[in-house]
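J.: One structure, as structure tokens, below. Some questions next.
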Amino acid sequence: MHKTKRVCLRRTRILFVFITFSYFLVALKLFSIQVLQSSYWKALAKSQHLGTEVLKAERGSIFSSDNFLLVGNTFYYDVFVDPTLLPSDFKDKLRAVRNILYPLEKDKEFAPSWELWLSRLNNKNSRYFVLQKNVPLEKKNKIESLNYEWIGFTPQLKRDYSNNQIYSHILGFVGKDASGNDKGYFGIEGYYDGDLRGVDGFIEQEVSAGGSPFLLGNYNQVKSLNGSSLELTIDRTLQAIAFNEVKKGVERYGADSGLAIIVNSTTGEILAMSNYPTYDPLKYSEYYKENEDIFINKAISSTYEPGSVIKPLTMSSAIDLGLVTPETTMNDAGPVSYSGHLIDNWDKKHHGIITMSDILALSNNIGAAWVGSKVGSKKLYEYFNKFGFNRKLGVDLEGEETGFLRNYNQWRDIDLATASFGQGISATPLQVVMAFSAIANNGVLMKPYIVKKIINEKETLYKKPVVLGRVLKPTTASTMVGMLTTAVARGEAKFFVTKKYNVAGKTGTAQISEKGKYLEDATNATFVGFLPKYKNFVMLVKLERPKASVFASETAVPVWMNILEKATAYLGLPPDK
């Protein structure tokens, strides 16, 4: 009897402990839900009885320097059918819609098959079937005038690029990110994506279980903030001239690609930046399939060994340090050995006693290496950095590269010699043209920029010119202008030089290196220069691997001069010859 009571008492205690523990677990769970996770459950409850509609912000527009619309937004429409509303005689009416969507015989070749349409429209379980996406407004209006209640339209705001082939590498394009939202890629669209996209708004209101809004329910609206618009420094006429002449040059000389950059040396404004081949920003995915590199703006994102266009920078360093003058002489008696390597001139010719001006006019490698040895590794490295090499200049375009310049303490004699005439270092075309702009601008290097106004709903922000630093004394810059003018007048490109204007500039025919060796028949041809009388207009033309001739004097120079002839006529610059 006592044994039975003990057993019952033990079981009662176990049951009590179990029930008590269960209550404790329930209390703990309730505490977790009501206190620790209250925010989560409140948000979930709110989401079940609140409907939210996103109010898309309109992406900002992009204008040229004369306020011409380059990029805007246009409504396109997805045309859809509700199969449950189709009348018995819908086939003839559907043919009328099809003829509006595909009016031409060539259009019908790419249209969906009639049988596919009919099979999808026979599905009465579906309330939505898209006949055509991205239909322009004029076609939408024609279909809408038919008054078919079973046809509807979903508006889609799309980027509209006018003159898209000419500006594509400047503008970039708008694609989708991983979440399916619009995102700018490359160029202006990429760099200023945050300014252009704006901030989406929303409408929040109470809804029933079926999703219908309550008439007297809570309602909250936050308006969208449209994106800022941008006004560029780009001159439309100069951009068109540069693009068309570069395109002709690439085709005429059989080059792989070509580019031109025109800058205002006194402000740093980019007036034109053209690349060819180019692409259509509206069809970026198609171009990507054919060539993944087509979107790269080679003016800022592709580095190369500049070659002889570097010789004036080496020379200006020596003049600025007081080591040489234009009349200083040296003896070009033959190839010279540096660190066991022979340096020779590009044409294998030698000229005996020559001046510093002769070195630039003859594009003399041996002379440039001699000048570099006078400057020394440390000082030449410092001047190259002051000219803007080995760093980003801060241009407001997505994808700028720094180029490459090894630290001077790693240079051997041969490295100093080759760097003096533009080999063994790399730079972007933008860096090269801005270095020459510093010479044209009395020795002051400006920061390049391409957006001059950011316009939002509240204010207009003006971009101001920014000085990156003084590179040369004004007297040195003036001396270099004279030497560069002589170099063009007496150099190998003199037969192609304009007869209307004096030109200060330098050619660069740089062999392309592959697998550690320079190719004999593959070069990058560059000419960069300006008009001594109109020094704020500085231009670079570069052709990659021209096949008609490997020399810049016979390829890049004629393209540069063709652009100059048309640009000066447009700008109304009187000849000075």
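J.: Can you find even one residue in region 383-390 that is under 17 Å from the mean Cα position of the chain (by Cα) and either of a type in the set (A, V, I, L, M, F, W, C) or crowded, with 22+ Cβ neighbours inside 10 Å (or both)? Let's see the steps before the verdict.
T.: We begin by selecting, within region 383-390, every residue under 17 Å from the mean Cα position of the chain (by Cα); these are none.
No.
J.: Which numbered condition trips up A440, out of (1) in contact with a Leu (Cβ under 8 Å, 6 or more places away or on another chain); (2) modelled with pLDDT of 95 or more?
T.: (1)
J.: Out of curiosity, is V395 more than 30 Å from P281 (Cβ to Cβ) and within 38 Å of the chain's Cα centre (by Cα)? Show your work before the answer.
T.: On the way: more than 30 Å from P281 (Cβ to Cβ): no; within 38 Å of the chain's Cα centre (by Cα): yes.
In short, no.
J.: What is the one condition in (1) surrounded by 22 or more Cβ atoms within 10 Å (Cβ to Cβ); (2) free of Cβ contacts under 8 Å to residues at least 24 places away in the same chain that K494 does not satisfy?
T.: Condition (1) is where K494 drops out.
J.: Now for a separate question. Report whether or not L416 is more than 29 Å from the chain's Cα centre (by Cα), at pLDDT 95 or above and either over 16 Å from T314 (Cα atoms) or not in a loop (DSSP other than H, G, I, E, B) (or both).
T.: Working: more than 29 Å from the chain's Cα centre (by Cα): yes; at pLDDT 95 or above: yes; either over 16 Å from T314 (Cα atoms) or not in a loop (DSSP other than H, G, I, E, B) (or both): yes.
Yes, satisfied.
J.: Identify the residue in region 156-190 that is among the small types (G, A, S) and in a strand (DSSP E or B) and, among all such residues, is modelled with the lowest pLDDT.
T.: The first filter runs over region 156-190 and keeps only residues among the small types (G, A, S), leaving 162, 168, 172, 175, 178-180, 184, 187, 190.
Going one step further and asking which of them are in a strand (DSSP E or B), we end up with 175, 184.
On the way: G175: 89, G184: 92.
That would be G175.
J.: Based on what the data block shows, is K515 within 14 Å of A361 (Cα to Cα), surrounded by fewer than 23 Cβ atoms within 10 Å (Cβ to Cβ) and free of Cβ contacts under 8 Å to residues at least 24 places away in the same chain?
T.: It is false that K515 is within 14 Å of A361 (Cα to Cα), surrounded by fewer than 23 Cβ atoms within 10 Å (Cβ to Cβ) and free of Cβ contacts under 8 Å to residues at least 24 places away in the same chain.
Residues are listed down the side, and each one gets a yes or a no for (1) exposed (fewer than 12 other Cβ atoms within 10 Å of the Cβ); (2) over 22 Å from G194 (Cα atoms); (3) modelled with pLDDT of 80 or more:
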position: S47; (1), (2), (3): yes, yes, no
position: S61; (1), (2), (3): no, no, yes
position: N67; (1), (2), (3): yes, no, yes
position: P83; (1), (2), (3): no, yes, yes
position: K91; (1), (2), (3): no, yes, yes
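J.: If I ask for residues that are surrounded by fewer than 17 Cβ atoms within 10 Å (Cβ to Cβ), part of a helix (DSSP H, G or I) and either of a type in the set (D, E) or in contact (Cβ under 8 Å) with a residue 60 or more places away in the chain (or both), which ones from region 273-283 would you list? Before the answer, list the steps.
T.: Step one: of region 273-283, the residues surrounded by fewer than 17 Cβ atoms within 10 Å (Cβ to Cβ) are 277, 280, 282-283.
Narrowing further to those that are part of a helix (DSSP H, G or I): 282-283.
The one that is surrounded by fewer than 17 Cβ atoms within 10 Å (Cβ to Cβ), part of a helix (DSSP H, G or I) and either of a type in the set (D, E) or in contact (Cβ under 8 Å) with a residue 60 or more places away in the chain (or both): L282.
J.: I want to confirm something. Restricting to region 428-450 and keeping residues that are surrounded by 24 or more Cβ atoms within 10 Å (Cβ to Cβ) and either outside the structural domain of E305 (by TED's automatic domain parsing) or touching a Pro at 6+ places or on another chain (Cβ under 8 Å) (or both), which single residue is farthest from I170 (Cα to Cα)?
T.: Going through the qualifying residues, I end up with I439.
J.: Also, I was wondering about something else. Give me the pairs: first residue in region 370-388 and of a type in the set (K, R), second residue at pLDDT 95 or above and crowded, with 20+ Cβ neighbours inside 10 Å, beta-carbon distance under 6 Å, and six or more apart or on different chains, which are they?
T.: That search, which allows pairs on different chains as well, returns K374/A318; K386/V471.
J.: Still on this structure, please answer the following. Taking the conditions exactly as written (over 24 Å from G491 (Cβ atoms) and modelled with pLDDT of 95 or more), does N385 satisfy them or not?
T.: Values: over 24 Å from G491 (Cβ atoms): yes; modelled with pLDDT of 95 or more: yes.
For N385, the condition - over 24 Å from G491 (Cβ atoms) and modelled with pLDDT of 95 or more - is met.
J.: Taking the condition of a type outside the set (S, T, N, Q) and at pLDDT below 95, does I455 pass?
T.: Considered against the rule, which asks whether it is of a type outside the set (S, T, N, Q) and at pLDDT below 95, I455 comes out as yes.
J.: Go over the candidates L461, L445, L468 one by one and state the one that is outside any loop (DSSP other than H, G, I, E, B), modelled with pLDDT under 95 and not β-branched (V, I, T). Step through it out loud before you land on a result.
T.: Values: L445 fails: modelled with pLDDT under 95; L468 fails: modelled with pLDDT under 95.
Being outside any loop (DSSP other than H, G, I, E, B), modelled with pLDDT under 95 and not β-branched (V, I, T) holds for just one of L461, L445, L468, which is L461.
J.: Residues being in a helix (DSSP H, G or I) and of a type in the set (S, T, N, Q): count how many of those fall in region 362-384.
T.: Taking region 362-384 as the starting set, the residues that turn out to be in a helix (DSSP H, G or I) are 362, 365-375, 377-384.
Still in the list and also of a type in the set (S, T, N, Q): 365, 373, 377.
Final tally of qualifying residues: 3.
J.: Next question. Answer yes or no as to whether P474 is surrounded by 18 or more Cβ atoms within 10 Å (Cβ to Cβ) and either at positive phi or not basic (K, R) (or both).
T.: On the way: surrounded by 18 or more Cβ atoms within 10 Å (Cβ to Cβ): no; either at positive phi or not basic (K, R) (or both): yes.
Criteria not met by P474.
J.: Taking I296 and the conditions (1) within 21 Å of the chain's Cα centre (by Cα); (2) loosely packed, with under 14 Cβ neighbours inside 10 Å, which numbered condition does it fall short on, given that it satisfies the others?
T.: (2)
Residues checked against (1) under 20 Å from F389 (Cα atoms); (2) within 30 Å of the chain's Cα centre (by Cα):
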{"site": "N456", "(1), (2)": "no, yes"}
{"site": "T460", "(1), (2)": "no, yes"}
{"site": "L484", "(1), (2)": "no, no"}
{"site": "G505", "(1), (2)": "yes, yes"}
{"site": "T523", "(1), (2)": "no, yes"}
{"site": "K535", "(1), (2)": "no, yes"}
{"site": "K542", "(1), (2)": "yes, yes"}
{"site": "A552", "(1), (2)": "no, yes"}
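J.: What's the number of the condition K378 fails, among (1) modelled with pLDDT under 95; (2) loosely packed, with under 15 Cβ neighbours inside 10 Å; (3) charged (D, E, K, R)?
T.: Condition (1) is where K378 drops out.
J.: Separate question: Would it be correct to say that L116 is out of contact with any helix residue (DSSP H, G or I) (no Cβ under 8 Å at 6 or more places or on another chain) and under 30 Å from T233 (Cβ atoms)?
T.: Working: out of contact with any helix residue (DSSP H, G or I) (no Cβ under 8 Å at 6 or more places or on another chain): yes; under 30 Å from T233 (Cβ atoms): no.
Taking the combined requirement at face value, the residue does not satisfy it.
J.: A further question follows. Just to be sure before I move on: is S126 of a type in the set (G, A, S), at pLDDT below 90 and surrounded by fewer than 10 Cβ atoms within 10 Å (Cβ to Cβ) in the structure I sent? Full working, then the answer.
T.: Numbers: of a type in the set (G, A, S): yes; at pLDDT below 90: yes; surrounded by fewer than 10 Cβ atoms within 10 Å (Cβ to Cβ): no.
No, not satisfied.
The values are calculated or read from the model by the stated rules, or taken from the named source; none is laboratory data. This is a predicted model, so every value here is computed, not measured. All Cβ positions, glycine included, derive from the backbone under ideal geometry; neighbour counts span all protein chains shown.
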